[in-house]
Amino acid sequence: MQQPYVIVLASGLNGLGAVRSAAHAELRTYTLLTGQTDLSAYSRFSQYRFLLPSSPSLDDVRLILDNLYTTESGSGVLIACSDYAAEILGKLKNEGYSKHHLMVPGGETTDILNDKKLECEFMAGGAIPLPRTYFDLADCLPETFPLIIKPRTFREYQLLGAKNEIVHSRAEFEVFQKRFSGHLNRFIAQQVIPGNDDNLWVCNVTFDQNHLMTACFVFKRLGTMPSHYGVTSLAMSLENQQLRAICEKIGGILKYTGPAMIEFKRDPTTNRYYYIETNPRLGMCNWFDTRCGVNNLLASTHAAYGNNIQVGPQKNNHVYWNFFGDLIARLENRERLLHILQLYFGLLKHRRVGALFYWRDPRPALHYSLASMKEILYRVSKKLAGNSG
């Protein structure tokens, strides 16, 4: 029988975690990279690599996949680690591409999830609780602030210059309207749910080909980079049956297949959970999942081959830690150094999983740490130069 293998469309921490999770499951792995300095390029577990253009076309990817199918004499399992990769695989799925197992939802579902307006409208129709959302920024008159303004797709990040922007008043909102006049249909706005970062929750999940949830790993964020509105920099694994039930419902209404990262925020004043977003790909912290007993990449591989396997239970009270990223975010947020040290020392009693460091695969962490230290020195020197002026 053909041995299963995976093809990882890698990107940053997501891709690094994927190749490590594949190695942990003893799966042979091919890694598709869009840059020679991608973190996965430094991993000893990324043994078979292909370098794609920085913005690969469907034909670029298809050519490599066809060659692998011939070389391996059979199908592998395709895993997306970025929104762009998920979009490409969704298009292949819509074309009826069948040489490899495409562990992504159909292109229609991917298009919905990669467009914040379509996503929020769809979830509202499925009775999934959302923050108050504004779709027409040209004519709306928000009554409550702050608001978080989000690009509708990842392509608008460059237009905004960031993943999101916070406006705290009607005056700030009107300034935003004037600044992006003519482009307001490329954004949505949502009411910011109150509460600190430890009210943010993430579920990394896998749905099989019948849209049933076969794996679910839940963690609570303790820090993000940048603070409050960024990606996970510090987290703790904690069980949450209420969120599991909501994820199962989301998978059903989307008719979802493959891995996904589903985010929520709890309102501490009402104890109610609000849906934030679903990323149609393997989650950034998937290595954390694996180290806590829930290997979503392996679960996706089982689902691709039609194996009926439930993964879990997860190990709780383990800590995910991106030390340099979290430290920089807290310093930029002007947190007191004593408070940061107290937080970090308190976490030492828990089992820790490094975002990058893994003793069997140290090179990615060394490269990332060196780049982070250079960034810290640059920012400090720039601030000192500004103060001296």
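Annotation: of all residues in segment 310-356 being among the hydrophobic types (A, V, I, L, M, F, W, C) and assigned to a loop (DSSP other than H, G, I, E, B), the one that is farthest from LEU298 (Cα to Cα) is LEU348.
Out of all the residues in segment 247-261, is one or more β-branched (Val, Ile, Thr), closer than 19 Å to CYS81 by Cα and either over 17 Å from the mean Cα position of the chain (by Cα) or assigned to a strand (DSSP E or B) (or both)?
No; the residues of segment 247-261 include none that is β-branched (Val, Ile, Thr), closer than 19 Å to CYS81 by Cα and either over 17 Å from the mean Cα position of the chain (by Cα) or assigned to a strand (DSSP E or B) (or both).
Every condition in (1) touching a strand residue (DSSP E or B) at 6+ places or on another chain (Cβ under 6 Å); (2) under 30 Å from TYR5 (Cβ atoms); (3) in a loop (DSSP other than H, G, I, E, B) is met by ALA299 except one, and the failing one is (3). Report, by residue number, each residue of segment 276-289 that is crowded, with 24+ Cβ neighbours inside 10 Å and in contact with a Phe, Trp or Tyr (Cβ under 9 Å, 6 or more places away or on another chain). THR278, PRO280, GLY283, CYS285, ASN286, TRP287, PHE288, ASP289, listed by residue number. If we scan segment 151-158, do we find a residue that is closer than 25 Å to ASP111 by Cα, among the aromatic types (Phe, Trp, Tyr) and modelled with pLDDT under 95? Yes.
When ILE340, ILE328, ILE309 are checked against the criterion of being in the same structural domain as HIS211 (by TED's automatic domain parsing), surrounded by 18 or more Cβ atoms within 10 Å (Cβ to Cβ) and farther than 24 Å from PHE45 by Cα, a single residue qualifies: ILE328. Taken over segment 344-362, the criterion of being crowded, with 16+ Cβ neighbours inside 10 Å and either more than 20 Å from the chain's Cα centre (by Cα) or of a type outside the set (A, V, I, L, M, F, W, C) (or both) is satisfied by GLY354, TYR358, ASP361.
The values are calculated or read from the model by the stated rules, or taken from the named source; none is laboratory data. Keep in mind that this is a model prediction, so the values were computed, not measured. With ideal geometry, Cβ positions are generated from the backbone for all residues, glycine too; neighbour counts draw on all protein chains shown.
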